[in-house]
Amino acid sequence: NAGVTQTPKFRILKIGQSMTLQCAQDMNHNYMYWYRQDPGMGLKLIYYSVGAGITDKGEVPNGYNVSRSTTEDFPLRLELAAPSQTSVYFCASRNRDRGIGELFFGEGSRLTVL
Amino acid sequence: AQSVTQLGSHVSVSEGALVLLRCNYSSSVPPYLFWYVQYPNQGLQLLLKYTSAATLVKGINDFEAEFKKSETSFHLTKPSAHMSDAAEYFCAVSSGNTPLVFGKGTRLSVIA
C-alpha cells in the first residue's frame with residue numbers, strides 16, 4: 001500500500017522556470033491538500049480539493065496552480081519560480097466520510113529556487 | 001477564523017522525564033484538535049485527535065492530550081521521554097470539514 005506518493009523528492013529551479021510537483025494517492029480519498037513548510041513557520045495551506053474537478057485556494061495560493069482531473073492525482077504547478085517559493089512541499093489526503101482531520105502525508109518535495 | 005499557538009519552538013528534556021508541549025487554540029465554533037509528529041525528512045503522522053468525545057485523549061507511543069475549553073488549551077504530554085520521541089510536533093485545529101490549520105511546531109530534543 002503506497003499511500004501518498006510525491007515526486008520529485010528534490011529539485012533545484014532557476015528563477016523564472018516552471019515545474020509541476022506530482023502527488024498521487026491510492027486510498028480512494030476524496031480530499032487532497034498541498035501544504036508548504038518553511039522553518040519555524042509550520043505548514044501553510046496552498047490549495048485543496050474535495051473531489052475530482054473541484055479545487056479551492058488556501059492561505060498562500062499566489063504563484064501556484066492545481067488541477068484535480070482524477071480522484072488519485074493532485075499536481076501542483078509552479079509558474080515563474082521565485083526564491084520565495086523555496087520550501088518543502090507536502091501533499092496530503094483524507095477520506096471525507098471518516099477520520100476528521102486524519103490526514104495522510106507524503107514524504108515531501110524539497111524545492112530550491114536559485 | 002481558527003488558529004493555534006504553540007508555546008516554545010524548542011523543548012529539551014532528559015530521557016525519562018515528563019514531556020509537556022503546549023498548544024492554545026482560537027476558534028469561534030467547537031473545535032476539532034490534533035497533534036501531529038514529524039520525524040526528520042518525513043511527512044507528518046497523526047499522533048492523536050480530539051473530536052468532542054472524551055476530553056482526555058490517548059494517542060500512540062503513550063502520548064496523551066487534554067482538551068480544556070476554559071483555558072482554550074490542548075497540551076500534549078508523555079510521562080517518560082524516550083530518545084525516539086525526538087521530533088517536531090505540530091498542533092492543528094479544524095471546525096470539521098475545513099482544512100487543518102497548523103501551529104508553527106515545537107521541536108522536541110531528548111537528552112540521554
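Observations on the model:
- Test: residue in the range B:29-36 that is modelled with pLDDT under 95, more than 9 Å from chain A (Cβ to nearest Cβ) and crowded, with 20+ Cβ neighbours inside 10 Å: yes
- A:GLU72 closer than 23 Å to A:ILE100 by Cα, away from chain B (no Cβ under 13 Å) and surrounded by fewer than 18 Cβ atoms within 10 Å (Cβ to Cβ): yes
- Filter result (polar (S, T, N, Q) and either assigned to a strand (DSSP E or B) or exposed (fewer than 12 other Cβ atoms within 10 Å of the Cβ) (or both)) within the range B:37-57: B:GLN38, B:ASN41, B:GLN45
- Taking the conditions (1) farther than 30 Å from A:SER49 by Cα; (2) modelled with pLDDT of 95 or more in turn, B:TYR89 satisfies each one other than (1).
- Taken over the range A:51-81, the residue count meeting the criterion of being over 11 Å from the mean Cα position of the chain (by Cα), over 30 Å from B:CYS23 (Cα atoms) and not in a strand (DSSP E or B) is 11.
- Residues of the range A:11-43 that are among the basic types (Lys, Arg) and surrounded by fewer than 16 Cβ atoms within 10 Å (Cβ to Cβ): A:LYS14 alone.
- A:SER84 vs. criteria of a type outside the set (A, V, I, L, M, F, W, C) and in a helix (DSSP H, G or I): yes
- Residues considered: B:SER70, B:SER80, B:SER12. Of these, the only one that is farther than 23 Å from A:PHE104 by Cα, more than 10 Å from every other protein chain (Cβ to nearest Cβ), in a loop (DSSP other than H, G, I, E, B) and modelled with pLDDT of 95 or more is B:SER80.
- Listed here are the strands (runs of 3 or more DSSP E) enclosed by the range A:2-50 that have at least 2 residues being modelled with pLDDT of 95 or more and within 11 Å of chain B (Cβ to nearest Cβ): A:4-7, A:31-38.
- The residues listed here are A:GLY108, A:GLY63, A:GLY58, A:GLY53; of these, the one that is farther than 17 Å from A:VAL4 by Cα, at the interface with chain B (Cβ under 9 Å from one of its Cβ atoms) and not aliphatic (A, V, I, L, M) is A:GLY58.
- All positions within the range B:95-105 that are touching a residue at least 24 places away in the same chain (Cβ under 8 Å) and surrounded by fewer than 21 Cβ atoms within 10 Å (Cβ to Cβ): B:SER95, B:GLY96, B:THR98, B:LYS104
- Among residues of the range B:38-62 being touching a residue at least 40 places away in the same chain (Cβ under 8 Å) and hydrophobic (A, V, I, L, M, F, W, C), the one that is nearest to the other protein chains (Cβ to nearest Cβ) is B:LEU44.
- Test for A:GLY99: is it of a type in the set (Gly, Ala, Ser), more than 14 Å from the chain's Cα centre (by Cα) and either at pLDDT 95 or above or in a strand (DSSP E or B) (or both): no
The values are calculated or read from the model by the stated rules, or taken from the named source; none is laboratory data. Predicted, not measured: the structure shown is a model, and the values here were computed from it. In this analysis, Cβ positions are derived from the backbone assuming ideal geometry, glycine residues included, and neighbour counts consider all displayed protein chains.
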